[in-house]
1. In a Debye calculation with equal point scatterers on the alpha-carbon sites of the chain and no solvent, what is log10 I(q)/I(0) at q = 0.08, 0.09, 0.19 Å⁻¹?
2. Kindly report the accessible area of segment 1-103 per residue (heavy atoms of protein chains, probe 1.4 Å, no ligands, DNA or RNA), in Å².
3. Gain in length, residue 64 to residue 143, computed as 0.36 nm per residue apart minus the alpha-carbon separation, to one decimal in nm?
4. Express the carbon and sulfur contribution to the solvent-accessible surface of segment 1-103 as a percent, rounded to the nearest whole number, probe 1.4 angstrom.
5. How many Lys pairs in the chain lie less than 27 angstrom apart by Cα atoms, where the lysines are 8 or more positions apart or on different chains?
6. Write down Rg/Rh for segment 54-116, rounded to two decimals, with Rg from the C-alpha atoms and Rh from the Kirkwood relation over Cα pairs.
7. Figure the gain on full extension for residue 94 and residue 22 (residue separation times 0.36 nm, minus the Cα-Cα span) and round it to one decimal in nm.
8. In degrees, nearest 10, range 0 to 90: what is the angle between the Cα axis of helix 170-183 and the longest Cα principal axis of the chain?
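The values are calculated or read from the model by the stated rules, or taken from the named source; none is laboratory data. Computed from a predicted structure; not experimentally measured. Cβ: placed from backbone, ideal geometry, glycine included. Neighbour counts: every protein chain shown. In case anyone asks, the SASA skips ligands and DNA or RNA and just uses the protein heavy atoms, side chains included. Shrake-Rupley method; radii C 1.70, N 1.55, O 1.52, S 1.80 Å.
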Amino acid sequence: MVKTQGRRGEVAGEVLSDIPDRFAAGMKLLALPKQADTVRRELEVEAIWPHKGLLVLKFLGVDSISEAETLVGCELQVPRSQRSELQAGWNYVSDLAGCSVLDHGREVGRIEDVQFGAGEAPLLIVRDPAGRLLEVPFAEAYLESVDVERKQVRMKLPEGLLEVNAPLTAEEKREQAQGTRKKS
């Protein structure tokens, strides 16, 4: 959910589902806060309508702006029991979170999040064993297999891709800053 909408507890959010008319009044959804230590919250859709490229949802029991503010930043998910069957090669984001990413059989790290909109392919946000966050394109060309049961995503990444998408080390930041000062 990206923002509150109105004064009666409505929230507006982006729809990441490829299924048209996926959401309807009466359905139950799970609100997942960004903070990992916060509990999922089950909500029931009271009303729903499109507005300026977003979907506005009114939930039963959420009747004020302050109650709606607790939902901003949450990701809404359909409970597993109500999920649609996906086509071969498609995965739910919630199934990818927590999976190990293996590159040519070597563990790279664990998926913490998936970001959309940065390019053609979504980006897997992977935390490596050193604690760094890496951005790995979830592109079909690099994907070998996804095993949701074993919590593994096997990939064949081009050489150097992980280094390109890795955050700068403290030494690299110093070198970069010195290079900037020399040009001045």
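1. For the requested q values the scattering log ratios are -0.35, -0.44, -1.25.
2. Working: 6230 Å² over 103 residues.
About 60 Å² of surface per residue is accessible.
3. Details: separation 79, 0.36 × 79 = 28.44 nm, distance 4.46 nm.
Contour length minus Cα-Cα distance gives 24.0 nm.
4. Working: 3180 of 6230 Å².
Carbon and sulfur together cover 51 percent of it.
5. Step by step, the pairs that qualify in the chain add up to 12.
6. Details: Rg = 16.6 Å, Rh = 15.1 Å.
Looking at segment 54-116, the ratio lands at 1.10.
7. Numbers: separation 72, 0.36 × 72 = 25.92 nm, distance 1.69 nm.
So the chain would gain 24.2 nm between residue 94 and residue 22.
8. 80
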